[in-house]
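A quick write-up on the structure given underneath.
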Amino acid sequence: MPIIKVKPGEKIRLNKIDADDTGQFHNKQEAIALLAKNIRRMAELQNVLYADGGQSLLIVLQAMDAGGKDGTIRKIMSGVNPQGVRVTSFKKPTEEELSHDFLWRVHKAAPARGMIGIFNRSHYEDVLVVRVHNLVPKKVWQKRYDHINHFEKLLTDNGVTVLKFYLHISKEEQAERLQERLDRPEKNWKFNPGDLKERALWDDYMEAFEVAFEKCSPKNAPWYIVPANKKWYRNLVISEKIVEALEKMNLKYPEPAEGLDNIVIE
Ligand code: AMP
Ligand code: MG
(Lines give C-alpha, C1' and ligand atoms only; values in the text may rest on other atoms or scores of the structure.)
(Ligands and ions follow the chains in the order given, each with its own letter.)
Protein backbone atom coordinates (compact mmCIF):
# COMPACT_ATOMS: atom_id res chain seq x y z
CA MET A 1 0.00 0.00 0.00
CA PRO A 2 1.41 3.34 -0.92
CA ILE A 3 1.10 4.82 2.51
CA ILE A 4 4.54 6.33 3.04
CA LYS A 5 6.52 5.70 6.20
CA VAL A 6 9.04 8.52 6.43
CA LYS A 7 12.57 7.39 7.21
CA PRO A 8 14.73 9.33 9.68
CA GLY A 9 15.98 12.46 7.93
CA GLU A 10 14.14 11.69 4.71
CA LYS A 11 13.18 14.68 2.57
CA ILE A 12 9.63 14.34 1.31
CA ARG A 13 8.24 16.34 -1.59
CA LEU A 14 4.52 16.48 -0.96
CA ASN A 15 3.68 17.76 -4.43
CA LYS A 16 5.17 14.56 -5.81
CA ILE A 17 2.79 12.39 -3.80
CA ASP A 18 -0.53 11.61 -5.43
CA ALA A 19 -3.31 12.42 -2.97
CA ASP A 20 -5.75 10.45 -5.17
CA ASP A 21 -3.78 7.23 -4.82
CA THR A 22 -5.81 4.19 -3.76
CA GLY A 23 -3.08 1.57 -3.93
CA GLN A 24 -4.27 -1.77 -5.21
CA PHE A 25 -7.92 -0.80 -4.78
CA HIS A 26 -10.13 0.47 -7.54
CA ASN A 27 -13.24 1.46 -5.65
CA LYS A 28 -14.90 1.79 -2.31
CA GLN A 29 -16.75 -1.53 -2.55
CA GLU A 30 -13.52 -3.48 -2.56
CA ALA A 31 -12.26 -1.75 0.57
CA ILE A 32 -15.43 -1.68 2.64
CA ALA A 33 -15.32 -5.24 3.98
CA LEU A 34 -11.66 -4.89 4.91
CA LEU A 35 -12.32 -1.69 6.81
CA ALA A 36 -15.19 -3.33 8.70
CA LYS A 37 -12.92 -6.22 9.60
CA ASN A 38 -10.21 -3.86 10.88
CA ILE A 39 -12.74 -1.94 12.96
CA ARG A 40 -13.89 -5.19 14.61
CA ARG A 41 -10.31 -6.32 15.21
CA MET A 42 -9.48 -2.95 16.73
CA ALA A 43 -12.32 -3.36 19.21
CA GLU A 44 -10.97 -6.76 20.31
CA LEU A 45 -7.44 -5.49 20.64
CA GLN A 46 -8.55 -2.41 22.52
CA ASN A 47 -10.26 -4.63 25.03
CA VAL A 48 -6.97 -6.43 25.72
CA LEU A 49 -5.03 -3.16 25.75
CA TYR A 50 -7.34 -1.92 28.48
CA ALA A 51 -7.25 -5.16 30.48
CA ASP A 52 -3.48 -5.53 30.12
CA GLY A 53 -3.04 -1.96 31.36
CA GLY A 54 0.67 -1.81 30.65
CA GLN A 55 0.93 0.12 27.41
CA SER A 56 -0.93 2.74 25.43
CA LEU A 57 -1.41 4.00 21.90
CA LEU A 58 -1.20 7.59 20.76
CA ILE A 59 -2.59 8.49 17.34
CA VAL A 60 -1.61 11.91 16.03
CA LEU A 61 -3.62 13.36 13.16
CA GLN A 62 -2.45 16.37 11.19
CA ALA A 63 -3.76 17.78 7.93
CA MET A 64 -4.67 20.99 6.19
CA ASP A 65 -8.16 22.36 6.93
CA ALA A 66 -10.85 20.01 5.60
CA GLY A 67 -8.20 17.30 5.38
CA GLY A 68 -10.46 14.79 7.11
CA LYS A 69 -9.22 14.59 10.68
CA ASP A 70 -12.72 14.64 12.20
CA GLY A 71 -14.10 12.15 9.68
CA THR A 72 -11.21 9.78 10.28
CA ILE A 73 -11.82 9.77 14.02
CA ARG A 74 -15.57 9.25 13.56
CA LYS A 75 -15.12 6.32 11.23
CA ILE A 76 -12.07 4.56 12.61
CA MET A 77 -13.18 4.72 16.22
CA SER A 78 -16.76 3.67 15.50
CA GLY A 79 -16.23 0.21 17.00
CA VAL A 80 -14.18 0.88 20.08
CA ASN A 81 -15.29 1.18 23.68
CA PRO A 82 -15.51 4.92 24.44
CA GLN A 83 -14.24 4.25 27.95
CA GLY A 84 -10.84 3.34 26.55
CA VAL A 85 -10.40 6.28 24.20
CA ARG A 86 -9.69 9.94 24.75
CA VAL A 87 -9.75 12.42 21.91
CA THR A 88 -8.05 15.78 22.39
CA SER A 89 -8.51 18.58 19.86
CA PHE A 90 -5.81 21.18 20.01
CA LYS A 91 -7.03 24.69 19.32
CA LYS A 92 -5.33 28.06 19.52
CA PRO A 93 -3.58 27.99 22.90
CA THR A 94 -5.29 29.79 25.76
CA GLU A 95 -3.58 32.48 27.83
CA GLU A 96 -2.79 29.89 30.46
CA GLU A 97 -1.35 27.45 27.94
CA LEU A 98 0.75 30.21 26.40
CA SER A 99 2.20 30.98 29.79
CA HIS A 100 3.80 27.50 29.84
CA ASP A 101 6.14 25.69 27.46
CA PHE A 102 4.41 24.43 24.30
CA LEU A 103 4.39 20.79 25.41
CA TRP A 104 2.70 21.43 28.73
CA ARG A 105 -0.85 21.05 27.41
CA VAL A 106 0.19 18.17 25.19
CA HIS A 107 1.86 16.03 27.82
CA LYS A 108 -1.23 16.24 30.01
CA ALA A 109 -3.27 14.77 27.17
CA ALA A 110 -0.95 11.79 26.56
CA PRO A 111 -2.80 8.50 26.97
CA ALA A 112 -2.65 6.71 30.32
CA ARG A 113 -1.67 3.04 30.34
CA GLY A 114 -4.39 0.94 28.78
CA MET A 115 -5.79 3.85 26.80
CA ILE A 116 -5.91 4.97 23.19
CA GLY A 117 -5.27 8.70 22.87
CA ILE A 118 -6.11 10.60 19.73
CA PHE A 119 -4.72 14.02 18.96
CA ASN A 120 -6.82 16.02 16.53
CA ARG A 121 -3.98 18.43 15.71
CA SER A 122 -1.10 18.26 18.12
CA HIS A 123 2.23 19.64 19.27
CA TYR A 124 3.12 19.78 15.57
CA GLU A 125 0.99 22.92 15.26
CA ASP A 126 3.83 24.56 17.14
CA VAL A 127 6.11 24.01 14.14
CA LEU A 128 3.37 24.40 11.50
CA VAL A 129 0.96 27.31 12.00
CA VAL A 130 3.45 28.86 14.40
CA ARG A 131 6.26 28.64 11.85
CA VAL A 132 4.17 29.81 8.92
CA HIS A 133 2.98 32.87 10.85
CA ASN A 134 6.06 33.38 12.97
CA LEU A 135 3.88 33.41 16.08
CA VAL A 136 7.08 33.11 18.09
CA PRO A 137 10.58 34.12 16.94
CA LYS A 138 12.39 31.71 14.64
CA LYS A 139 15.02 30.98 17.25
CA VAL A 140 12.24 29.66 19.49
CA TRP A 141 10.35 27.44 17.02
CA GLN A 142 13.57 26.12 15.52
CA LYS A 143 14.44 24.36 18.75
CA ARG A 144 11.07 22.68 18.91
CA TYR A 145 11.94 19.86 16.52
CA ASP A 146 14.44 18.59 19.07
CA HIS A 147 12.01 19.18 21.90
CA ILE A 148 9.40 17.14 20.04
CA ASN A 149 11.79 14.27 19.37
CA HIS A 150 12.80 14.15 23.02
CA PHE A 151 9.20 14.31 24.15
CA GLU A 152 8.10 11.50 21.85
CA LYS A 153 11.11 9.42 22.96
CA LEU A 154 10.00 9.90 26.55
CA LEU A 155 6.58 8.61 25.57
CA THR A 156 7.79 5.58 23.63
CA ASP A 157 10.27 4.72 26.41
CA ASN A 158 7.27 4.63 28.70
CA GLY A 159 5.23 2.14 26.72
CA VAL A 160 3.36 4.52 24.46
CA THR A 161 3.24 3.49 20.81
CA VAL A 162 3.17 6.69 18.77
CA LEU A 163 1.46 6.66 15.35
CA LYS A 164 1.54 9.92 13.40
CA PHE A 165 -0.60 10.34 10.31
CA TYR A 166 -0.53 13.20 7.85
CA LEU A 167 -3.72 13.18 5.78
CA HIS A 168 -2.53 14.30 2.40
CA ILE A 169 -5.19 16.06 0.31
CA SER A 170 -4.63 18.10 -2.83
CA LYS A 171 -5.33 21.80 -2.97
CA GLU A 172 -8.16 21.10 -5.44
CA GLU A 173 -9.74 18.61 -3.06
CA GLN A 174 -9.58 21.18 -0.28
CA ALA A 175 -11.39 23.68 -2.50
CA GLU A 176 -14.17 21.15 -3.11
CA ARG A 177 -14.53 20.33 0.56
CA LEU A 178 -14.59 23.98 1.62
CA GLN A 179 -17.17 24.65 -1.08
CA GLU A 180 -19.28 21.82 0.34
CA ARG A 181 -19.19 23.53 3.71
CA LEU A 182 -20.72 26.58 2.06
CA ASP A 183 -23.28 24.63 0.04
CA ARG A 184 -24.61 22.11 2.54
CA PRO A 185 -26.63 23.57 5.43
CA GLU A 186 -25.56 20.80 7.81
CA LYS A 187 -21.94 21.64 7.06
CA ASN A 188 -22.19 25.44 7.23
CA TRP A 189 -21.12 25.46 10.85
CA LYS A 190 -17.74 24.08 9.85
CA PHE A 191 -16.98 26.88 7.45
CA ASN A 192 -14.43 29.21 8.89
CA PRO A 193 -13.49 32.21 6.73
CA GLY A 194 -10.05 32.04 8.37
CA ASP A 195 -9.45 28.76 6.54
CA LEU A 196 -9.24 30.74 3.29
CA LYS A 197 -6.37 32.78 4.67
CA GLU A 198 -4.53 29.60 5.55
CA ARG A 199 -5.34 28.15 2.14
CA ALA A 200 -3.59 31.12 0.54
CA LEU A 201 -0.48 30.03 2.43
CA TRP A 202 -0.68 26.46 1.08
CA ASP A 203 2.92 26.34 -0.16
CA ASP A 204 4.28 27.64 3.13
CA TYR A 205 2.35 24.95 4.97
CA MET A 206 3.62 22.24 2.64
CA GLU A 207 7.15 23.35 3.35
CA ALA A 208 6.53 23.40 7.09
CA PHE A 209 5.09 19.87 6.93
CA GLU A 210 8.04 18.64 4.88
CA VAL A 211 10.53 19.98 7.40
CA ALA A 212 8.58 18.42 10.28
CA PHE A 213 8.58 15.04 8.54
CA GLU A 214 12.29 15.27 7.84
CA LYS A 215 13.27 16.29 11.34
CA CYS A 216 10.72 14.36 13.38
CA SER A 217 10.56 10.85 11.95
CA PRO A 218 12.88 8.88 14.21
CA LYS A 219 12.53 5.11 14.21
CA ASN A 220 10.49 5.13 17.40
CA ALA A 221 7.90 7.59 16.04
CA PRO A 222 7.89 7.93 12.25
CA TRP A 223 5.38 9.95 10.25
CA TYR A 224 3.02 8.18 7.88
CA ILE A 225 1.80 10.08 4.84
CA VAL A 226 -1.66 8.93 3.85
CA PRO A 227 -3.15 9.73 0.42
CA ALA A 228 -6.44 11.14 1.64
CA ASN A 229 -8.50 12.50 -1.25
CA LYS A 230 -10.49 9.27 -1.15
CA LYS A 231 -11.93 8.96 2.31
CA TRP A 232 -12.53 5.22 2.12
CA TYR A 233 -8.89 4.61 1.23
CA ARG A 234 -7.65 6.92 3.96
CA ASN A 235 -9.76 5.08 6.53
CA LEU A 236 -8.63 1.71 5.33
CA VAL A 237 -4.90 2.38 5.46
CA ILE A 238 -5.07 4.10 8.83
CA SER A 239 -7.13 1.29 10.34
CA GLU A 240 -4.58 -1.15 8.91
CA LYS A 241 -1.71 0.63 10.67
CA ILE A 242 -3.57 0.84 13.96
CA VAL A 243 -4.37 -2.87 13.95
CA GLU A 244 -0.76 -3.62 13.06
CA ALA A 245 0.52 -1.45 15.91
CA LEU A 246 -1.82 -3.01 18.46
CA GLU A 247 -0.87 -6.54 17.31
CA LYS A 248 2.79 -5.66 17.73
CA MET A 249 2.27 -4.73 21.36
CA ASN A 250 1.78 -8.38 22.16
CA LEU A 251 -1.00 -7.64 24.61
CA LYS A 252 -2.32 -10.17 27.07
CA TYR A 253 -5.25 -10.47 29.41
CA PRO A 254 -3.91 -10.52 32.98
CA GLU A 255 -3.55 -13.97 34.59
CA PRO A 256 -6.75 -14.85 36.44
CA ALA A 257 -6.53 -14.73 40.22
CA GLU A 258 -5.81 -18.10 41.80
CA GLY A 259 -8.67 -20.29 42.87
CA LEU A 260 -11.28 -18.97 40.42
CA ASP A 261 -12.11 -22.58 39.56
CA ASN A 262 -13.32 -23.25 43.07
CA ILE A 263 -15.59 -20.26 43.39
CA VAL A 264 -19.28 -21.07 43.41
CA ILE A 265 -21.75 -18.27 42.90
CA GLU A 266 -24.89 -19.03 44.85
P1 AMP B 1 -10.02 23.49 14.11
O2 AMP B 1 -9.16 22.26 14.13
O3 AMP B 1 -10.71 23.71 12.81
O4 AMP B 1 -10.96 23.51 15.27
O5 AMP B 1 -9.06 24.75 14.27
C6 AMP B 1 -8.16 24.87 15.33
C7 AMP B 1 -7.26 26.04 15.03
O8 AMP B 1 -6.33 26.17 16.10
C9 AMP B 1 -6.43 25.87 13.77
O10 AMP B 1 -6.48 27.03 13.00
C11 AMP B 1 -5.04 25.63 14.30
O12 AMP B 1 -4.02 26.05 13.43
C13 AMP B 1 -5.05 26.41 15.59
N14 AMP B 1 -4.01 25.94 16.51
C15 AMP B 1 -3.88 24.72 17.05
N16 AMP B 1 -2.76 24.64 17.80
C17 AMP B 1 -2.17 25.84 17.71
C18 AMP B 1 -0.98 26.39 18.26
N19 AMP B 1 -0.17 25.67 19.05
N20 AMP B 1 -0.68 27.68 17.98
C21 AMP B 1 -1.50 28.42 17.20
N22 AMP B 1 -2.64 27.96 16.64
C23 AMP B 1 -2.96 26.69 16.90
MG1 MG C 1 -11.37 24.11 11.01
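How many of the residues making up the range 116-142 are in a strand (DSSP E or B) and not aromatic (Phe, Trp, Tyr)?
4
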query: Being modelled with pLDDT of 95 or more, among the polar types (S, T, N, Q) and open to solvent by 90 Å² or more (accessible area, probe 1.4 Å), is that true of even one residue in the range 243-260?
result: yes
message: Filter the range 191-205 down to the residues that are of a type in the set (D, E, K, R) and open to solvent by 50 Å² or more (accessible area, probe 1.4 Å) and list them by number.
response: 197, 199, 203, 204
- line: Per the filter on the range 161-190, residues within 14 Å of ligand 1 (Cβ to nearest atom) and open to solvent by less than 50 Å² (accessible area, probe 1.4 Å) are 167, 174, 177, 178, 181
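Out of curiosity, is residue 152 among the acidic types (Asp, Glu) and within 16 Å of ligand 2 (Cβ to nearest atom)? So that I can check it myself, show each step before the final result.
Numbers: among the acidic types (Asp, Glu): yes; within 16 Å of ligand 2 (Cβ to nearest atom): no.
No.
Taking the conditions exactly as written (open to solvent by less than 60 Å² (accessible area, probe 1.4 Å) and within 24 Å of residue 199 (Cα to Cα)), does residue 132 satisfy them or not?
On the way: open to solvent by less than 60 Å² (accessible area, probe 1.4 Å): yes; within 24 Å of residue 199 (Cα to Cα): yes.
For residue 132, the condition - open to solvent by less than 60 Å² (accessible area, probe 1.4 Å) and within 24 Å of residue 199 (Cα to Cα) - is met.
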statement: Within the range 108-134, the residues that are of a type outside the set (Phe, Trp, Tyr), within 16 Å of ligand 2 (Cβ to nearest atom) and under 14 Å from the mean Cα position of the chain (by Cα) are 120, 121, 122, 125
field: Residues within the range 94-117 that are open to solvent by 40 Å² or more (accessible area, probe 1.4 Å) and among the small types (Gly, Ala, Ser), tallied
entry: 2
task: Would you kindly identify the helices (runs of 4 or more DSSP H) lying entirely within the range 1-115 that contain at least 1 residues that are modelled with pLDDT under 95?
output: 28-52
query: What pairs can you find where one residue is in the range 74-89 and free of Cβ contacts under 8 Å to residues at least 40 places away in the same chain, the other is in a helix (DSSP H, G or I) and open to solvent by 70 Å² or more (accessible area, probe 1.4 Å), and their Cβ atoms are less than 6 Å apart, with a gap of 6+ or different chains?
result: 84/50
query: Taking into account only those residues within the range 66-93 that are open to solvent by 60 Å² or more (accessible area, probe 1.4 Å) and away from ligand 1 (no atom under 16 Å from the Cβ), which is nearest to residue 228 (Cα to Cα)?
result: 75
task: Return the only residue of 175, 208 being among the small types (Gly, Ala, Ser), under 17 Å from residue 64 (Cα atoms), more than 16 Å from ligand 2 (Cβ to nearest atom) and out of contact with any Asp or Glu (no Cβ under 8 Å at 6 or more places or on another chain).
output: 208
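The values are calculated or read from the model by the stated rules, or taken from the named source; none is laboratory data. Keep in mind it's a predicted model, so treat the numbers as computed, not measured. All Cβ positions, even for glycine, are placed from backbone atoms using ideal geometry, and neighbour counts span all protein chains on display. Protein only, heavy atoms only, side chains kept; ligands, DNA and RNA dropped before computing areas. Shrake-Rupley method; radii C 1.70, N 1.55, O 1.52, S 1.80 Å.
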